[in-house]
1. Quick one: dipole size for the chain, taken about the Cα centre, charges +1 on Lys/Arg Cβ and -1 on Asp/Glu Cβ, in debye to the nearest 20.
2. Per-residue ellipticity at 222 nm for the chain, helices alone: DSSP H runs ≥ 4 residues times -39500 (n - 2.57), over residue total, nearest 500 deg cm²/dmol?
3. Would you mind telling me which residue in Gly27, Gly66, Gly39 has the biggest mean-square fluctuation in a Gaussian network model of the chain, where springs connect alpha carbons within a distance under 10 angstrom?
4. Expressed in nm², what is the orientationally averaged projection area of the convex hull enclosing the Cα positions of region 6-47?
5. Go ahead and set up a Gaussian network model of the chain, Cα springs under 10 Å, then flag whichever of Val51, Val69, Val19 fluctuates most.
6. From the gyration tensor of the Cα coordinates in region 31-96, what semi-axes in whole Å does the equivalent ellipsoid have, largest first, with each one equal to sqrt(5λ)?
7. Normalised by the number of residues in the chain, what is the relative contact order in percent for Cα pairs under 8 Å and 6+ residues apart?
8. Quick one: helix 2-38 against the long Cα principal axis of the chain, what's the angle to the nearest 10°, folded into 0 to 90?
Amino acid sequence: MATEQVSERRASHIRGVTVTAVASLGGIAAALVSAMVLGTAAKDQLGLAIVVAFVVLELPIMQGLGIDVGDFSTKDHLYVAFMTFSLWFVTWTILLTNGVTF
């Protein structure tokens, strides 16, 4: 009984870490793609389309890593979207502020 609880807690923890890591890395990758495609023109709405595309692409990646995205609640989907957007926003802001071009 005790080993089952430990196993379930460990699986839940690994699931959470995996979802957070994929969403965070997806946001950073979206910022790099935004910087490559748009350069220093942060006025274009294409940046938001890139973020949405990365949010959509993250779900099959999570499935490939063994996460059952069919069990995701609305809260889980919002969490993934928020983490991706947040990391995209911060990373792209840093790139724009420093004038980084690719």
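Read the figures in this text as sums done on the coordinates, not as results from a lab. The model shown is predicted, which means the values in this text are computed figures rather than measured ones. Using ideal geometry, Cβ is built from the backbone for each residue, glycine included, and neighbour counts are taken over all protein chains shown.
1. Dipole size: approximately 240 debye.
2. Rounded to the nearest 500, the figure is -28000 deg cm²/dmol.
3. Gly66
4. For region 6-47, averaging the hull's shadow over all directions gives 3.2 nm².
5. Comparing Val51, Val69, Val19 in a Gaussian network model of the chain, the most mobile one is Val69.
6. Equivalent ellipsoid of region 31-96: 26, 11, 10 Å, largest first.
7. The value is 45 percent.
8. Computed tilt is about 10 degrees.
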